[in-house]
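Structure record follows, encoded as structure tokens.
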Amino acid sequence: MSKKILITYASRLDATTGVAQAIGKTFTECGAQVDVLPMNEVKDLDAYQAVVAGSAVRGAAWLPEAMQFVRTNQKTLAKKPFAAFLVCMTLAMPNGEKYREHISSWLGPVRELVRPVDEGLFAGTLNISRVESFAERVKFRLSVLFGVWKEGDHRDWKAIHAWAEKVYPQLGG
Ligand SMILES: Cc1cc2nc3c(=O)[nH]c(=O)nc-3n(C[C@H](O)[C@H](O)[C@H](O)COP(=O)(O)O)c2cc1C
């Protein structure tokens, strides 16, 4: 079997793509061979010794295509070291760390299908002008106005790097 690690992701507005690439970079620095691919481009999981899958959060859940990826590949993923991560805005709130346990529960449906060896919870970005729906844009503008969320890139590259370094040995690296 190949010694490659797959980092696969579902993203709508690119923040999760960047997180997946950063995880891939850390693994590469650790000496691994990696592929970093959006879930819809993954063909053959047999080619990988381990899989890391991550998704943007919308409506307190992984994106539907990310859940579908785990459902479709449940049997194969259960036989390999598998780690999961999510990218969300709640962790970027001023008191976001307080909600870590609650945020972790959003990975519950993933856990029910395949138990990850580790789980990463990361703050993402908020760029309201890029949000597709008018109603959501209004909602986000209000939440910024009331100080709940702040626009901008809240990704904590140190935390992402530290998680990737911690999870790497658990993936057979
Ligand atoms: C329509 C929409 C719904 C969202 N729902 C949540 C949510 O329920 N909880 C949360 O913490 N973040 C939520 N977010 C914030 C996203 O998780 C965050 O912007 C993340 O960086 C998106 O990743 P992406 O750029 O890879 O799509 C939502 C964002 C959008 C646009």
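Only the coordinates and a few stated rules stand behind these numbers; no lab work does. Please read these numbers as outputs of a predicted model, since none were measured by experiment. Cβ placement follows ideal geometry from the backbone for every residue including glycine, while neighbour counts extend to all protein chains displayed.
General observations
- Candidates Thr76, Thr90, Thr26, ranked by Gaussian network fluctuation over the chain, Cα under 10 Å, top entry: Thr76
- Taking the range 3-44 and dividing mean pair separation by its residue count, relative contact order in percent (alpha carbons under 8 Å, at least six apart): 53
- DSSP finds beta bridges in the chain, and of those with both partners inside it, around 10 percent are antiparallel.
- Compared with the dominant Cα axis of the chain, that is its longest principal axis, helix 157-167 is turned about 30°.
- Nearest 10 degrees, 0 to 90: helix 134-145 Cα axis against the chain principal axis: 70
- Cβ crowding within 10 Å, taken as a proxy for footprinting-reagent exposure, orders His154, His161, His102 from fewest neighbours to most as His102, His161, His154.
- Theoretical ellipticity at 222 nm over the chain - DSSP helices of four or more residues, -39500 (n - 2.57) apiece, nearest 500: -10500 deg cm²/dmol
- Of Lys25, Lys150, Lys158, the residue with the greatest mean-square motion in the GNM of the chain, using alpha carbon springs below 10 Å, is Lys158.
- For Asp156, the residues 5 or more places off, or on other chains, whose built amide H falls under 5 Å of its own are Ala123.
- Under 5 Å between amide hydrogens, built in the peptide plane, is the criterion, and for Tyr9 it picks out Leu37, Met39, Gly54 among residues at least 5 positions away or on other chains.
- Summed residue charge, Cβ within 12 Å of Leu113's Cβ, Lys/Arg positive, Asp/Glu negative: +3
- Global geometry of the range 30-73, whether rounded, prolate or oblate, following the gyration tensor of its Cα atoms and the 1.5 cut on a/c: prolate
- Comparing Leu113, Leu45, Leu142 in a Gaussian network model of the chain where C-alpha atoms under 10 Å apart are linked, the largest mean-square fluctuation is found at Leu142.
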